[in-house]
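Colleague: Here it is, the structure, as structure tokens.
The values are calculated or read from the model by the stated rules, or taken from the named source; none is laboratory data. Note that this is a predicted model, so its numbers are computed, not measured. Positions of Cβ are generated from backbone atoms using ideal geometry, with glycine treated the same way; all protein chains shown enter the neighbour counts. Side chains are part of the model used for accessible areas, which takes the heavy atoms of the whole protein and leaves out ligands, DNA and RNA. Shrake-Rupley method; radii C 1.70, N 1.55, O 1.52, S 1.80 Å.
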Amino acid sequence: MSYQPPLTIDQWPRAIMHVDADAFFTSCEQAIHPELKGKPVIAGKERGIVAAASYEAKKRGIERGMRLFEVKKLCPDAILLPSDYETYSLFSVRMFDIMRRFSPQVEEYSIDEAFIDITGMRRYFHSSYGEIAGRIQKTIEKELDITVSVGVSLSKVLSKIASKHRKPNGLIIIAGREIHTYLSELPVEKVWGIGANTSAFLKKFGIYTALEYARKDEGFIKRYLSKPYLEIWHELNGRSVYPVITEPKDDYKSISKTKTFTPPSSDEGFIFAQLSKNLENACIKARRYNLCANKVIIFLRTQEYKDTGIEIRLNRPTAYPLELFDLLRDGFKKVYNSRALYRATGIVLSGLKLDNNIQYSLFDDTVKIVKMNRIYSVIDELSDRFGKHTIHHASSLPVKIQAQHEGERGDTPYRKNSLFKGENKRQRIHMPVLNIKV
Amino acid sequence: MQFLIILTISLTGERLFAYNHFMVNIANNKKIQVRVKLISDFYRKSGRMPSFSEIGQLFRLKSKNSVFKIVNKLEKTGLLKRDHKGRLIPLSMKQHTKVLGTIEAGFPSPAEEELIDTISLDDLLIQNKDATFLLKVTGDSLKDAGILPGDMVIVDKSLNPVNGDIVIAQVDGEWTMKIFKKRGNSIILMPANPKYKPIQPKNELKVAGVVASVIRKYK
């Protein structure tokens, strides 16, 4: 028998809390439509697939990504709603605001997930870390009417294990001396950051659970695995290495824009127009962050969820669609198959660089580039004032041949159709609306 | 139009008259408002008044004669005047911060101090931003309390109801908006319209929020 180090730490060198909203999109819907509580609710009607399902729907076997006709078979009484991203975003912002009342160190990990560093807050609140976590959870439930699952532990990886342990509305605290009891039952591939390939590799060494992984010695990890896995190993052992990052994300490694349309189409003009709109959208976002792309990836997704794509390398980074359309058309011709039915198109801009240090070559037409710069800054200014795509490229026009989604009229969220006096299609009051008849 | 409000404080009596007169004009004229803003922005940025050709650029006018006409108009309203060489001198062109800084020496403007203790409509109507929701009224059961169908109510979920509050509540499965009344140990939900009867919850009462304000926008 080899020596097994006990995984026990008596103190709290760090206290990290992970908050994960339960079925976030549908919980928001149930909060603003209280009559839907306790019913199987599904968001994503406008896309033809399940974007989110309430716990009542999940119990009936409905999963994310399922197509809606399958849903109707499984659960004919399911309530299908178009996604209302405006409301979800408002709830998300409020959820983070509530957390910041308890600690300034909040990392907005995704729209419905956050890490909070509550180290040292015990004295201030006169309560234990578990009680603080409970108060955050209860405040969110009272003020927003949605439930969240909460985990508290010594590191980010452990707190994430804790919050996943009991969903929904769970509150699990993994103190230093209890780490091993939670890790012994957890398959190693369920640990945040360990994927299918790594776990298959680890199984070759007889490592099946998170505890077996955590108990390996440092030499083993260093010899067979790379740095991220060493960090996970430290985190599992209760030594926090991942900081809670409070700054909002403002640098991007890549920007991608994808759009699904229903029904699927094989119309060349329409699909190219979708792609052209993707490109415009991606470039708008790149310009917003003063970035230029070196590489453009085009992809088309068929009805059978098969992707075909092509990568285009540019000799000079740019964020102006006008410079890219010729290449886009060439690339599109290579991947487009007239017999296939497509359901989505997408663009990825990568190799991003700040636009203030671009090296022009001898053959670049700098006059033209300066002109383009002027045109696009005017376009962006107009979009700011009058809405996105106030001016857009003619090649994106054919997207209007077909509504983005079948039966589009009934599929816009309720909020966009029921306006208060003074609101318009583009600007509404920055507040969620309760849909209760009183 | 924040700078206009501040002007009243810095103007002398006779200018005040001009200003009031001007306000009638300006309030009805969006175009002038925009132009005044452009000039005062220029003044704030560069610390001097624009020349005629610069005004032309600001307003996107090619003809200096049109600029001349506009300047004449503005001069009449007391916003600016011309010196003997025809250059522009600002009278009430200054914006917010500038006005406060150019008051005659020795007498600090009261404006800065006074404005510290003002709040926006948002702050007035919303106490706890994260727990506040909107609701459109459909029924008339609170008609006599001044809440009519189509009104926008602001609901605060963080408040616990006290006697006399207007609440959004679920009573035995039905949603309603009524006045929350405590009678001893029991709770009664009162309407404010003789057409409706008070509701006494039989099994369940769930208060979803307290109405903090009502908004009715006419225009």
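Colleague: With θ taken as phi - 60° and the coefficients 6.51, -1.76 and 1.60, list the Karplus ³J(HN,Hα) couplings across region B:204-219 in order, rounded to whole Hz; mark glycine and proline as x.
Modeller: Using θ = phi - 60°, the values come out as 9, 9, 10, 8, 8, x, 10, 6, 9, 7, 10, 10, 10, 9, 9, 10 Hz.
Colleague: Moving to a separate point now. For the interface of B with A, what's the total buried accessible surface in square angstrom, probe 1.4 angstrom, rounded to the nearest hundred?
Modeller: Buried: approximately 2400 Å² between A and B.
Colleague: Rounded to the nearest 500, what is the protein assembly as shown's calculated 222 nm mean residue ellipticity when only DSSP H runs of at least 4 contribute -39500 (n - 2.57) each, over all residues?
Modeller: Theoretical 222 nm ellipticity from helices: -11000 deg cm²/dmol.
Colleague: Residues of the protein assembly as shown: accessible area per residue at 1.4 Å, in Å²?
Modeller: 55 Å²
Colleague: Moving on. Per residue of region B:151-156, what does 6.51 cos²θ - 1.76 cosθ + 1.60 with θ = phi - 60° give for ³J(HN,Hα)? Whole Hz please, x for Gly and Pro, Karplus curve as stated.
Modeller: 5, 9, 10, 9, 10, 10
Colleague: Can you sort A:310, A:16 by solvent-accessible area, 1.4 Å probe, largest first?
Modeller: Descending order: A:310, A:16.
Colleague: Run the dipole for region A:274-341 about the Cα centre, Lys and Arg Cβ at +1, Asp and Glu Cβ at -1, nothing else charged, and hand back the magnitude in debye, nearest 20.
Modeller: Here the size comes out at about 80 debye.
Colleague: OK, next. Could you give the angle, 0 to 90 degrees to the nearest 10, between helix A:321-335's Cα long axis and the longest principal axis of the Cα atoms of chain A?
Modeller: 80 degrees
Colleague: Another question about this same structure. In the full protein assembly as shown, how much of residue B:120 is accessible to a 1.4 Å probe, in Å² to the nearest 10?
Modeller: Approximately 60 Å² for this residue.
Colleague: Quantify how strongly other chains surround peptide A:419-432 by giving the mean number of their Cβ atoms within 10 Å of each of its Cβ atoms.
Modeller: 3
Colleague: Just reorder A:207, A:375, B:89 by solvent-accessible area, largest first, 1.4 Å probe, all chains present. Write down the numbers at each step before the final one.
Modeller: Values: A:207 0, A:375 85, B:89 60 Å².
Reading off the accessible areas and sorting them downward yields A:375, B:89, A:207.
Colleague: In a Gaussian network model over chain A where Cα atoms closer than 10 Å are linked, find which of A:46, A:143, A:56 has the largest mean-square fluctuation.
Modeller: Answer for the Gaussian network model of chain A: A:143.
Colleague: Using the basic label-point model (7 angstrom from Cα toward the beta carbon), what is the residue A:362 to residue A:192 distance in nanometres?
Modeller: With each label placed 7 Å out from Cα toward Cβ, I get 5.3 nm.
Colleague: Now for a different question. At 0.36 nm per residue, and after removing the present C-alpha to C-alpha distance, how many nm does the segment from residue A:384 to residue A:259 gain when stretched out fully?
Modeller: 42.8 nm
Colleague: Another question, if that's okay. Tilt of helix A:227-236 relative to the longest C-alpha principal axis of chain A, in degrees (0 to 90, nearest 10)?
Modeller: Tilt of helix A:227-236: around 40 degrees.
Colleague: If I ignore ligands, DNA and RNA and count only protein heavy atoms, how much of residue A:25 is accessible to a 1.4 Å probe, in Å² to the nearest 10?
Modeller: 40 Å²
Colleague: Let me ask another. Please give the charge dipole size of chain A, origin at the Cα centre, charges +1 on K and R Cβ atoms and -1 on D and E Cβ atoms. Round to the nearest 20 debye. All intermediate terms of the calculation are to be shown ahead of the outcome.
Modeller: Values: 68 positive and 52 negative charges, 70 e Å.
Dipole of chain A, to the nearest 20 debye: 340 debye.
Colleague: A follow-up question, please. Using a 1.4 Å probe and counting only protein heavy atoms, arrange A:352, A:397, A:275 so the residue with the most accessible area comes first.
Modeller: From most exposed to least exposed: A:397, A:352, A:275.
Colleague: Moving on to the next point. Just to be sure I understand the model, the point goes 7 Å from the Cα along the line to the Cβ. What's the resulting residue B:119 to residue A:67 distance in nm?
Modeller: Going from the residue B:119 label point to the residue A:67 one covers 5.5 nm.
Colleague: Another question, then. For every other residue with a beta carbon closer than 15 angstrom to the beta carbon of residue A:11, add +1 if it is Lys or Arg and -1 if Asp or Glu, then tell me the sum.
Modeller: +3
Colleague: Rounded to the nearest 0.05, what FRET efficiency do residue A:166 and residue A:100 have when you use their Cβ-Cβ distance and R0 = 41 Å?
Modeller: Once rounded, the FRET efficiency stands at 0.95.
Colleague: Tilt of helix A:85-100 relative to the longest C-alpha principal axis of chain A, in degrees (0 to 90, nearest 10)?
Modeller: Roughly 40 degrees between the two axes.
Colleague: Counting only other chains, what is the mean number of Cβ atoms within 10 angstrom of the Cβ of each residue in peptide A:98-104?
Modeller: The mean count of partner-chain Cβ atoms within 10 Å per residue comes to 1.
Colleague: Follow-up. Quote the relative contact order of chain A in percent (integer), defining contacts as alpha-carbon pairs under 8 Å separated by 6+ residues.
Modeller: 16 percent
Colleague: Follow-up question, since we're still on this one. Choose one answer from A:96, A:24, A:386: the residue with the largest mean-square fluctuation in a GNM of chain A with alpha-carbon springs under 10 Å.
Modeller: A:386
Colleague: On the protein heavy atoms, probe 1.4 angstrom, tell me the percent of accessible surface of chain A carried by carbon and sulfur.
Modeller: So the carbon and sulfur contribution to the accessible surface is 52 percent.
Colleague: Highest GNM mean-square fluctuation, chain A, Cα pairs closer than 10 Å: which of A:339, A:215, A:67?
Modeller: Result for chain A, Cα springs under 10 Å: A:339 fluctuates most.
Colleague: Give me the accessible area of residue A:55, 1.4 Å probe, in Å² rounded to the nearest 10.
Modeller: Accessible area, nearest 10 Å²: 60 Å².
Colleague: Related question: Taking every residue in B:131-140, how many Cβ atoms of other protein chains lie within 10 Å of its Cβ, on average?
Modeller: The mean count of partner-chain Cβ atoms within 10 Å per residue comes to 6.
Colleague: May I ask you to list the aspartates and glutamates whose Cα is less than 14 Å away from that of residue B:129, ignoring any residue fewer than eight positions away on the same chain?
Modeller: Filter leaves A:97, A:143, B:156.
Colleague: On to the next question. Output ³J(HN,Hα) for region A:368-385: one whole-Hz value per residue in order, computed from phi by the Karplus curve 6.51 cos²θ - 1.76 cosθ + 1.60 with θ = phi - 60°, and x for Gly and Pro.
Modeller: 5, 5, 4, 4, 4, 4, 5, 4, 6, 5, 5, 4, 5, 5, 5, 5, 4, 7
Colleague: What residues qualify as long-range amide H neighbours of residue A:44, i.e. H under 5 Å apart, gap of 5 or more or another chain, H built at 1.01 Å from N?
Modeller: Hits under the 5 Å cutoff: A:51, A:81, A:83.
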